[in-house]
Every structure is written in C-alpha cells, then in structure tokens.
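Read the structure below first, then the notes.
Where a number appears in this text, it was derived from the coordinates with a stated rule and is not lab data. Keep in mind it's a predicted model, so treat the numbers as computed, not measured. Positions of Cβ are generated from backbone atoms using ideal geometry, with glycine treated the same way; all protein chains shown enter the neighbour counts.
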Amino acid sequence: MHETTRLLRDLVALPSINPMGRPLSGPDLYEHRVTTYLEQFFRSLGVSYQRQPVAPLRDNILAWTDTAEAPATILFEAHQDTVPTDNMTIDPFAAHIENGRLYGRGACDIKGGMAAMLVAFARLVRDKPKGAARVVMIYTVDEEFTFLGVQRLAQLGLRERFPDLCGAVVAEPTQLHVVNSHKGAVRWDLTTTGRSCHSSRPEQGVNAIYRMAAVLLHLERYAEELRASRSDPRLGPPTLSVGRIDGGASVNTVPDRCRIEIDRRLLPGEQASAALEHLYNYLRQQVDPSLTFSFSAPWLSAPPLSAAGSEALVARLGAAIDSVIGSHQVEAVPYGTDAAPLAEAGIPAVVFGPGDIARAHTCDEWVPLVEVEQASEILYRLACSW
Ligand SMILES: [Zn+2]
C-alpha cells in the first residue's frame, strides 16, 4: 500500500466533524482526534511543531523542517475539519477502498490533500534534498464554517518567524489544477423593528414583517443592479442573496422584529465593509425614513482571492505539475478557501489538491488514490524546485 493511501485511510477513520453552527452533539465532533494524530506524526519525524489552541477541542497545528540553509520557505496548508455526515449512503469513517478510490467523509475535502502534503513533508525530512525550500505545514480548524483557524494564524507572526516566506499552497480538491482566484463572501443579518400589540387591534402596533417586506423589494432590485454592475471575466459578477427570514412570535401578535440573513459574494478588489456600507446607504435612500432597520456585524467574512501577486508561485507549481502529469490548468473557482486570508496577510497563496470539488460534501464522497499520490509527488518536487 502506498504511504499516501495508508495515511489517508487513518485520517478518514478519525472523525473531525464541524457542527457548522448547528446544535449537534456526540463524540465525532471537532478536529481534536486528527490534531492528535498529526502531533504524533510530527513527533515521530522528529521535527519542530506547535499546537495553537483556537477553541475547546479545536487546535491549529503547525510543523516545519529545520533546514538552516534553505533558499526559501513555503507553507503547505490544509483544514482538519469536514462537513457533517447527514444522509451519507456509505459508512463515513470506514475508509473503504474500491476500484482505486477511497470512500469516506473528508476523503476528497480535504484529507486526500492533507495526506499528500504529509507524505511530501516526511520525504523532505528524511531525504534532506539539497537546496530544497523549508516547508511549514499548517493544519487549521473550522474552515468549513467560519474560518476561525486561519484567522487565528495571524497571531503566530509567520512572516516574522520565516522572513523568507514566499508562498502558500492551500489544499482543496482542484483535480491537480492550480486555482489562483476565487470570490469572497460576507454574511450578516438585517433586522427591522416595529411595535408589538394584540392582533385584534393591529392598527395600534407597527408590523416589523411588513417593514421587512418593503426592505426586501429594494434588496431584490439591488441584487439585480449589482449583478449588472460589473463582471470579472473569470468569476462573473458580484452577487447578493437573501437566504433566511425569521420574525414574529405568534399569529395573534403584531411582530416587533423581523430578521433576514444576507449572503454577499465579493469579487477580488472588493472589501466586505465597503459592500455593507454601499447597501446600507442604498436602502436608507430607498426606504421610508420612518422605517427602522439595522445591520448586524458580519458573522462570516471570507475575503476573495486575487490572482495578483501569486504569479511566480503559479509558474513554479505549474512546472512541478507538468513534470509529474504532463500538463496543468490555471483556474478561477466559485468557492472560498483558506488561501484568501493568507493572501490578505501578504503571503502569495494558491489552491491545489487531489480530487474533484464535485465529490466534496457528497453522500458517497471519494477521492482517486492515484491523484493523492501524484499530488504528493508534485508538492515534493515543488519544494525541491528552488
Ligand atoms: Zn475544503
């Protein structure tokens, strides 16, 4: 059995479910089992490592090769969490292998990529190839929900600790293509307020649901105008969508509150704060001045990933891919990743990994084992390419 397959089987068998804000409970939640496995792996290699507590049972973990003479430092990053296992048609943790595929929750997103990175890292530690870059491995928590782990990395001062840091490869299933651009997302609540009273005398109250209905008509028009306002040639237009609504206590009470959840997708170059401010000012101009509404602070803010700044890394990774599988593509994708916060922190970042994003989060998630092996070889050659 190939070393990547052995590691991937171990990782899939260790549940690391992100409850995604839902009131789930049980022994399969959170990333701690995977973190402990990674800690033992790094300890057995004899490398320096560090755990960074983020929340109970949720630690980031990083490790690095101790090569004093390295010409550069590169990050390999992956997230430890998976989405929940509801409605899966296979055993999520059996790590069953059939026809060259390994099945299970996280096999594709992103334990396949994680295994590829670990094996490349272990080879670099054992072989000590001359002239190879120093590799810093970073495994974060909570990528699938609110990006807690990658946000907490800023406190580690990576740039100060590794001044020659020249880029980051973030694992997501890209089918061994290079992703250098994606949209960002910001999510927040909008609340309308009114005055409640008994519904037998509705004229004595102010109905917050009616107020929200007025706001929603303007939001729908705003979303249409936003889509038409501009378009990135690779990513399309910025978008806005209202995904949830919630208001009222009972049918015989005029409601004094109504709340919606808004999802705004950002193009590279857009700032979340500016997007909120623009919409707020638009609504203030459009709705009746007596209509009170408010925005919450964003409860999710994931920046977009711009292609600018990662050109050298894209070229280097592309050459490593070509040397293993013959060709590669450079792509833009619609989903968000940990690469964007790293790029915002001034570290050129790209996304790369085995498996197809169409298989991620599915009821029978799987990854082709040959792609995991190839990804590992590509990452090893990338580190040796300096
Ligand atoms: Zn992922």
Inset, instruction - Under a 10 Å cutoff between Cα atoms, tell me which one of 303, 354, 202 has the largest fluctuation in the Gaussian network model of the chain. - result: 202
Inset, instruction - Would you mind working out the magnitude of the charge dipole of the chain relative to its Cα centre, with +1 at each Lys and Arg C-beta and -1 at each Asp and Glu C-beta, to the nearest 20 Debye? - result: 500 debye
Legend entry - Label-point gap, in nm, between residue 189 and residue 327 - each point 7 angstrom along Cα→Cβ: 5.1 nm
Inset, instruction - Calculate, axis by axis, the spread of Cα positions in the chain along the three principal axes, and write the results as whole Å, longest axis first. - result: 80, 42, 38
Legend entry - Amide H contacts of residue 365 (H built 1.01 Å from N, under 5 Å, at least 5 apart or other chain): 104
Legend entry - Charge sum, other residues only, whose C-beta stays under 13 Å from residue 359's C-beta, Lys/Arg counted +1 and Asp/Glu -1: -3
Legend entry - Per-pair calculated FRET efficiency, R0 = 51 Å: residue 308 and residue 3 via Cβ, rounded to 0.05: 0.90
Inset, instruction - Would you calculate the separation in nanometres between label points at residue 218 and residue 284, each defined as 7 Å from the Cα along the Cα-to-beta-carbon direction? - result: 1.1 nm
Legend entry - Separation between Cα centres of the range 242-297 and the range 154-210, rounded to whole Å: 14 Å
Inset, instruction - Could you pull out which residues in the range 198-231 have an amide N less than 15 Å from a spot 7 Å beyond the Cα of residue 242, following the Cα-Cβ vector? - result: 208-225
Inset, instruction - Taking 7 Å along the Cα-to-C-beta vector as the label spot, tell me the residue 39-residue 22 distance in nanometres, rounded to one decimal. - result: 2.9 nm
Legend entry - Under Karplus coefficients 6.51, -1.76 and 1.60, residue-wise ³J(HN,Hα) of the range 59-76 in Hz, glycine/proline x: 10, 5, 9, 10, 8, 8, 7, 8, 9, 5, 9, 4, x, 6, 10, 10, 9, 10
Inset, instruction - Please order 386, 188, 299, 64 by the number of other Cβ within 10 Å, starting at the fewest. - result: 299, 386, 188, 64
Inset, instruction - Within the set of other residues whose C-beta is less than 12 Å from the C-beta of residue 335, count the net charge using Lys and Arg as +1 and Asp and Glu as -1. - result: -4
Inset, instruction - Rank these for me by crowding, 128, 183, going from fewest to most other beta carbons within 10 Å. - result: 128, 183
Legend entry - Modelled FRET efficiency - R0 25 Å, residue 89 with residue 370, Cβ distances, 0.05 increments: 0.60
Inset, instruction - Relative to the longest principal axis of the C-alpha atoms of the chain, give the angle of the C-alpha long axis of helix 112-127, reported between 0 and 90° and rounded to the nearest 10°. - result: 30 degrees
Inset, instruction - Can you tell me the FRET efficiency between residue 361 and residue 98 if r is taken as the Cβ-Cβ distance and R0 is 25 Å, rounded to the nearest 0.05? - result: 0.80
Inset, instruction - Using only Cα atoms, locate the centre of the range 83-124 and the centre of the range 215-232, then give the distance between them in Å, rounded to an integer. - result: 39 Å
Inset, instruction - Calculate how many DSSP beta bridges within the chain are antiparallel, expressed in % of all such bridges and rounded to the nearest 5. - result: 70 percent
Inset, instruction - Note down the net charge around residue 300, summing +1 for each Lys or Arg and -1 for each Asp or Glu among other residues with Cβ under 14 Å from its Cβ. - result: -2
Inset, instruction - Using the Cα centre as the reference, give the magnitude of the dipole from point charges on the C-beta atoms of the range 186-297 (Lys, Arg: +1; Asp, Glu: -1; all else neutral), rounded to the nearest 20 debye. - result: 80 debye
Inset, instruction - Enumerate the calculated ³J(HN,Hα) couplings along the range 34-48 in order (Karplus 6.51 cos²θ - 1.76 cosθ + 1.60, θ = phi - 60°), each rounded to whole Hz, writing x wherever the residue is Gly or Pro. - result: 5, 4, 5, 4, 5, 4, 5, 4, 5, 5, 5, 7, x, 9, 6
Inset, instruction - Treating each Cα of the range 186-297 as an identical point scatterer and ignoring solvent, apply the Debye formula and state log10 I(q)/I(0) at q = 0.16, 0.18, 0.21, 0.22 Å⁻¹. - result: -0.74, -0.88, -1.10, -1.18
Legend entry - Exposure proxy ranking, count of Cβ atoms within 10 Å, fewest first, for 37, 380: 37, 380
Legend entry - Most positive-pole-ward Cα, 253, 137, 44, against dipole of the chain from beta carbon charges: 253
